[in-house]
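Written out below as structure tokens is the structure these notes cover.
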Amino acid sequence: MYGFEYHKPSSLDEAAKLLADNEEASLIAGGHTLLPTMKQRLAAPSAIVDLGGIADLKGIREEGGNIVVGAITTHDAVAGSDVVQAKIPAMARLAGGIGDPQVRNRGTIGGSIANNDPAADYPAGLVGLGAIVRTNKREIPADDFFVALFETALEEGEIVKEVSFPVPEKAGYAKFHNPASRYAIVGVFVSRGPQGVRVAVTGAGPCVFRVKEMEDALSGNWSADALKGITVPEDELNADLHASAEYRAHLVGVMARRAVQAATA
Amino acid sequence: MSKAEESADVAASVAEQPFIGQRLPRKEDRRFVIGKGRFTDDISVPGMLHAAFVRSPHAHARIRSIDTEAALKLPGVVAVITGRELAEFTSPFVCQQEGAAPMEMDALPVDKARFAGDPVACVVAVDRYVAEDGVDLVEVDWDALPPVLDMHHASDPGVPLVDEKIPSNLHTRETHRYGDIDGAFARADRVVKAEFRSQRLTHVPIETRSVVATWDEGREELTYYGAAQTAHILRTTLADRLGLSENQVRVVSPDVGGGFGLKLPLFREEFTVAAMAMRLKRPIKWVEDRLENLTASNHARDDAVSVEVAVLNDGTVLGVRANLWADFGAYAFYPPSYIINVIGWLLLGAYKIDNYEYTVNVAITNKCPAGTLRAPMAIVTWASDGMMHRVAEELGLDPFELRRKNMLSLDDQPYQSAPGYPYEALTLREGFDETLAKFDIDAFRREQADAAEKGRLIGVGIASVVEPTTYGSAWYKASGDDGSGHEAATVKLEPTGAINVTAGIVGTGQGYETSLAQVVADALGSSPANVDVRLGDTYIAPYGMGSRGSRGAAAGHGVAYLAAMDLREKVLGIGAHLLQRPAESLKIVNDEVVTRSDVGVSVPVREIARIAYNDPTSLPDGMLPGLEAHRTYDPPFMTFSNATHLCQVEVDAETGGVTIVKYRVHEDAGTLINPMIVDGQVHGGVSMGIGQVLLEETRYDEQGMNVSATLADYLMPTMDTVPMIEVEHLETPNPNTPQGIKGMAEGPVQGAVASVALAVQDAVARSGGRLEQLPFTPSRLLGVLRASRSG
């Protein structure tokens, strides 16, 4: 790690200004990706702008029938939230299955989605529910937010403020995780609700993606059986020590069926 | 007296002892739970410098030159040293193996790096940060060579030598024959083949390798603080290689966060730090980071076993022929054939098989060197029980009946295995029968068939473990390896009656400070609270062979008990003099010498101690002052424990994931000193075995780069993989050791590797899957299931 300036602003505007004033500045929320990267000297920001002091970014509320989660709300807070458990239990389970207790008590939803790790859980939840990401500048539909591997639609100086989730009729999440990190080797989030029927896959590819064929099948018949025989091509899927692309492609089908079963249960 | 009567006699005398056999909480845990343990990294010496190592980015590369100039200019860097410079004032380690080429290892490589992570230079600086910055500034001019990565093809024509001083990368090829193997195969109705392949693993102790070395310029002596399972042997090696006398070196092994066989040899980084402390006349610390630990400490288990079993149609096993391979990596910290030979002589497991032949092949490759990892022979139980299951499958017989038919029972013992090992007081068939009776295998087979109807795969595996525990010096002599199996202990009764104990074994978390206190307390009629145990400091402890294998109980505790019994004799002699009664009529109870019959006639041990030290003229005529006993003990050629493990699993037919639903261990480690500590050994060993079957694997890519160099990729068992483990003990004493102690620690690994592997095999057998390569990862298992379904 190299030396850096540390700032802890108390408002989003102040944070944005600090970001604009320091060319090599980096935002920090839970720090789970940034700090290890800095320790390994793979990142060397000149300044760290800590979002932890901005009260507006924290918390969960209901608003116009949607559930709105502030950017620096921890995974543990989402998992333990009464309103999330009541309205979108699949999202509470997703958050409760991220990493371990230490990770869940530091890691935040805003940090996770802004980083867009291909194996993170939240991207599947956001795309799988058709959520809206609100930044200090605009609103971005989840479908447009996650662009590519570690890449989002966020522009220079843009800060995630909160995420608004529509409440689905049914939703379920199933993942096959790396035993050490708990990252998704394959995670599938399915839902049926105001945003239609959605099937979003994380962990399998370089970026979260939807499976239209599965969505069509579930639109006609919301059951695990409806997904039987539907496969995803393995060509562009990830391969690593723990899972080949072929195995991941297979798991997408298995996890999608289990997500539907979890949702119907 | 027959052996069985002797065993019963030992059992009866053990039952009279108040502390041996008690589940006493561990004395050492107090300091650990209050955070006051003292590990090597807790040691800080004024003026201490810090070391970091330059490591090879290539699996195999010649060192053209090393430029240290830029690093030396970095403020805070004190010294940079290369292998060439170290070789000027240190001696290499030479590993001898009977009948094979000796292998040399310099302090750091001089001409060539032999694996990715091989340390080639050391930077010493004011702190670790500066030292690591210095490492980045050392420029090595590399000439990359083709890496040798496949043990089976290591000696093919055109493959470069890994070690240019030996004639072939195939370091060892030797065959051992017992009985009439050709006759057995000639008489066989059938020959059944089976393969068992273990992956490369590493130890992953929580505390990585660590050292603080100090040089006392006044006394001209080196103090080496660092985990050392064999502290005295390490001292001898250090002195020899540094050109010092053995009384100029002190090794102190403080609290240790796990050894598992890793912390036995003198590693090159540790040796370099000691040499540099001497040269710079400054204390130096090095604590390995996890990347170094996973890539460059020691690896293990890269073994392959192929067997041919000659059988009659009724399931009688006539003979076994085995071909064993080991990938030993780049350097020899141990004789290359040592571990694979243990697999060889244990491979027949629990079975009575007279005719046996095994061939060992050991290849030197461009990978991290192999070492001893708790239960180096871990694969043998899977192989021995697994081959019996394959035989049963081919003959269409019930596997458990077939195993039972060929399995050793108490009635067969004493028994000598085909390779010449004495089996005594082992309850193999007895434990197997009891496990089967309790489990109800018939009911399980019905449940399994019902589950299969619903697409669920469940299976059971039962392992019959023969665990070698204590190697006597006769074993070393017979094996041709240097070394001894004896052990030493000193027990002192101090003037106030407090007892101090030390021995040559060195704790790495086993709870020795408690269990040694228990045996000594019983011998001296005291209590464990009155007994303090100090180990691991060569100033204090007598020269012993340390802690390796599972020798701690029979050798280490055996000798401490015997030393305490010698001291007891002196205490009773003084008591007899003071009480004017014959010594035979006296005993020690609660720190008082009392008569066996007359109540009320007694003298406190404390008074006896006072006289022995402060009033020696009151001692019996001719008795010398003081109350100290030192002695050594050489255990039998080899002692064994045994166990039966049962594991029940469910395999997820859609993902290949394995869940362990039941785990039972029926352990017979002879007389138990502290059953709670033994339970802990079982839990830990089983967890390691589960890790080996389901999770852990060190992987190299085709360039020889370690691609499992973080704990996100090298997968360790955690609490959600490890089930509740039920442990039952049978205590059949060994008739040839003090108190009938057998020892244990590695058997649980063998048992778990076998029972989990056999259970998973049983679960997939119905679909025709055959599993021969560990680990059974979900993707590998699913591949086997899908292949057998489509086949």
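The values are calculated or read from the model by the stated rules, or taken from the named source; none is laboratory data. From a predicted model like this one, the values you see are computed outputs, not experimental measurements. Cβ atoms come from the backbone with ideal geometry, glycine included; neighbour counts cover every protein chain shown. Heavy atoms of the whole protein, side chains included, go into the accessibility calculation; ligands, DNA and RNA do not. Shrake-Rupley method; radii C 1.70, N 1.55, O 1.52, S 1.80 Å.
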### Query
What's the FRET efficiency of B:R290 with A:E5 using the Cβ-Cβ distance as r and R₀ = 35 Å, to the nearest 0.05?
0.70
#### Entry: Virtual spin-label span in nm between B:R446 and B:S91, 7 Å along Cα→Cβ
7.1
### Message
Given a 1.4 Å probe, show me the residues in the stretch B:639-684 buried by at least 20 Å² of accessible surface when comparing the whole protein assembly to the chain alone.
### Response
B:D652, B:E654, B:T655
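For the stretch A:58-264, what is the charge dipole size about the Cα centre, in debye to the nearest 20, if Lys and Arg each add +1 at the Cβ and Asp and Glu each add -1 at the Cβ? Could you put the intermediate results ahead of the total?
Values: 21 positive and 25 negative charges, 136 e Å.
That gives the stretch A:58-264 a dipole magnitude of about 660 debye.
Eigenvalues of the Cα gyration tensor times 5, then square-rooted: what semi-axes does that give for the protein assembly as shown, in whole angstrom, largest first? Write down the numbers at each step before the final one.
Values: eigenvalues 545, 287, 196 Å².
Result for the protein assembly as shown: semi-axes of 52, 38, 31 Å.
Count the DSSP beta bridges whose two residues both fall in the protein assembly as shown, then state the antiparallel fraction as a percent rounded to the nearest 5.
Details: 142 of 176 bridges.
If we restrict to bridges inside the protein assembly as shown, about 80 percent are antiparallel.
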### Query
Counting only the heavy atoms of the protein chains, how much of B:Y415 is accessible to a 1.4 Å probe, in Å² to the nearest 10?
40
## Note on the structure
P(r) of the stretch B:170-319 over all Cα-Cα pairs, 5 Å bins starting at 0, rounded to whole percent, reads 2, 8, 14, 14, 11, 9, 7, 7, 7, 7, 6, 4, 3, 1, 0, 0
### Summary
Looks like the stretch A:88-128, by Cα gyration tensor root eigenvalues a ≥ b ≥ c and the a/c under 1.5 rounded cutoff (else prolate when a/b is bigger than b/c, oblate otherwise), is oblate
### Query
Which translational diffusion coefficient, to the nearest whole µm²/s, is obtained for the stretch B:181-247 from the Stokes-Einstein equation, given a Kirkwood hydrodynamic radius over C-alpha pairs, 20 °C and 1.002 mPa s?
125
### Message
Sequence gap at least 6, Cα distance under 8 Å: using those rules, report the relative contact order of chain B to the nearest whole percent.
### Response
16
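Take every DSSP beta bridge whose two residues both sit in chain A, then give the antiparallel share in percent to the nearest 5. Write out the running numbers ahead of the final one.
Details: 36 of 43 bridges.
Just about 85 percent of them are antiparallel.
Where Rh is the Kirkwood radius over the Cα pairs of the stretch B:57-211, the temperature 25 °C and the viscosity 0.890 mPa s, what D in µm²/s does Stokes-Einstein return?
Numbers: Rh = 19.6 Å.
Diffusion coefficient, whole number: 125 µm²/s.
Rounded to the nearest percent, how much of the accessible area of chain B (1.4 Å probe, protein heavy atoms only) is carbon and sulfur?
Summing carbon and sulfur atoms, their accessible area is 49 percent of the total for chain B.
Quick one: accessible area per residue over the stretch A:58-264, 1.4 Å probe, rounded to a whole number of Å²?
Values: 8000 Å² over 207 residues.
About 39 Å² of surface per residue is accessible.
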### Query
Accessible area drop of at least 30 Å² (1.4 Å probe, protein heavy atoms): which residues of the stretch A:230-257 qualify, relative to the chain alone?
A:L241, A:H242, A:Y247, A:H250
#### Entry: Cα convex hull of the stretch B:442-590, projected area averaged across orientations, nm²
16.0
### Query
Which percent of the accessible area of the stretch A:5-54 is formed by carbon and sulfur heavy atoms (probe 1.4 angstrom)?
51
### Task
Please report the Cα spread of chain A along all three principal axes, rounded to whole Å, starting with the longest.
55, 44, 31
### Label zone at B:S788, where the point sits 7 Å out along the Cα-to-Cβ direction: the stretch B:617-651 residues whose backbone N lies under 19 Å
B:647-651
### Task
Work out Dmax and Rg for the stretch A:5-54 from the C-alpha atoms and quote the Rg first, both in angstrom.
10.5, 31
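Give me the percent of accessible area attributable to carbon and sulfur for the stretch A:58-264, probe 1.4 angstrom.
Details: 3750 of 8000 Å².
Here carbon and sulfur together make up 47 percent of the probe-accessible area.
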### Query
Between A:T152 and residues 5 or more places away or on another chain, which pairs have amide H atoms under 5 Å apart, with H built 1.01 Å from N, and which residues are they?
A:V147
### Task
Note the angle between two axes, namely the Cα long axis of helix A:12-21 and the longest principal axis of the Cα atoms of chain A, as a number of degrees from 0 to 90, rounded to the nearest 10.
70
### Message
Please report the equivalent ellipsoid semi-axes of the stretch A:69-176, computed as sqrt(5 x eigenvalue) of the Cα gyration tensor, largest first, in whole Å.
### Response
20, 15, 13
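Give me the extension gain from B:T175 to B:R699: residue separation times 0.36 nm, minus the current Cα-Cα distance, reported in nm with one decimal. Intermediate values should be presented prior to the final figure.
Numbers: separation 524, 0.36 × 524 = 188.64 nm, distance 2.97 nm.
Answer, rounded to one decimal: 185.7 nm.
To the nearest 0.05, what FRET efficiency results for B:T710 and B:I540 with a Förster distance of 41 Å applied to their C-beta separation? It would help to have the intermediate numbers written out before the result.
Working: r = 39 Å, r/R0 = 0.95.
Efficiency at R0 = 41 Å is approximately 0.55.
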### Task
Lys and Arg at +1, Asp and Glu at -1: add these up for the other residues within a Cβ distance under 12 Å of B:E772 and post the number.
+4
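What Kirkwood radius, in Å to one decimal, follows from the Cα pairs of chain B?
On the way: mean 1/r = 0.0358 Å⁻¹.
Over chain B, the inverse of the mean reciprocal pair distance is 27.9 Å.
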### Query
Rg and Dmax of the stretch B:714-791 over Cα atoms: what are they, in angstrom?
17.9, 59
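Find the accessible area per residue for chain B; the probe is 1.4 Å, ligands and nucleic acids are left out, and the unit is Å².
37
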### Task
When you have a sec, figure out the Kirkwood radius of the stretch A:1-125 from all distinct Cα pair distances and drop it here in Å to one decimal?
15.3
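How many Å³ per residue does the convex hull of the Cα positions in the stretch B:498-547 occupy?
Working: hull volume 3.5 nm³, N = 50.
Convex hull volume per residue, Cα atoms: 70 Å³.
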### ³J(HN,Hα), Karplus 6.51/-1.76/1.60, whole Hz, each residue of the stretch B:290-300, x for Gly, Pro
5, 4, 4, 4, 6, 9, 9, 8, 9, 10, 6
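Computed on protein heavy atoms with a 1.4 Å probe, what is the summed buried accessible area for the chain pair B and A, in Å² to the nearest 100? Before the final figure, lay out the partial values.
Values: alone 29710 and 12120 Å², together 40380 Å².
The summed interface area works out to 1400 Å².
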### Task
Please list, in chain and number order, the residues 5+ apart from B:V661 or on another chain whose amide H is under 5 Å from its amide H, with Hs placed from the backbone.
B:Q648, B:V649, B:E650
#### Entry: the stretch B:418-457: Cα Rg divided by the 2.2 N^0.38 Å rule of thumb
1.89
### Query
When the accessible area of each residue in the stretch B:706-726 is compared between its chain alone and the complete protein assembly (1.4 Å probe; ligands, DNA and RNA ignored), which residues differ by at least 30 Å², being lower in the assembly?
B:A712, B:D713, B:L715, B:D720
### Point-to-point label distance, A:D143-B:E434, nm (Cα→Cβ direction, 7 Å offset)
6.7
### Summary
Taking max minus min of the Cα coordinates of the stretch B:575-725 on each principal axis, largest first, gives extents in Å of 81, 39, 30
### Task
Pop a pseudo-label 7 angstrom from the Cα along the beta-carbon direction at both B:V45 and B:L312 and give the gap in nm to one decimal.
6.8
### Query
How much accessible surface does B:D182 have with a 1.4 Å probe, in Å² rounded to 10?
100
### Task
Estimate the FRET efficiency between B:R456 and B:R38 by the formula 1/(1 + (r/R0)^6), using the beta-carbon distance for r and 60 Å for R0, to the nearest 0.05.
0.70
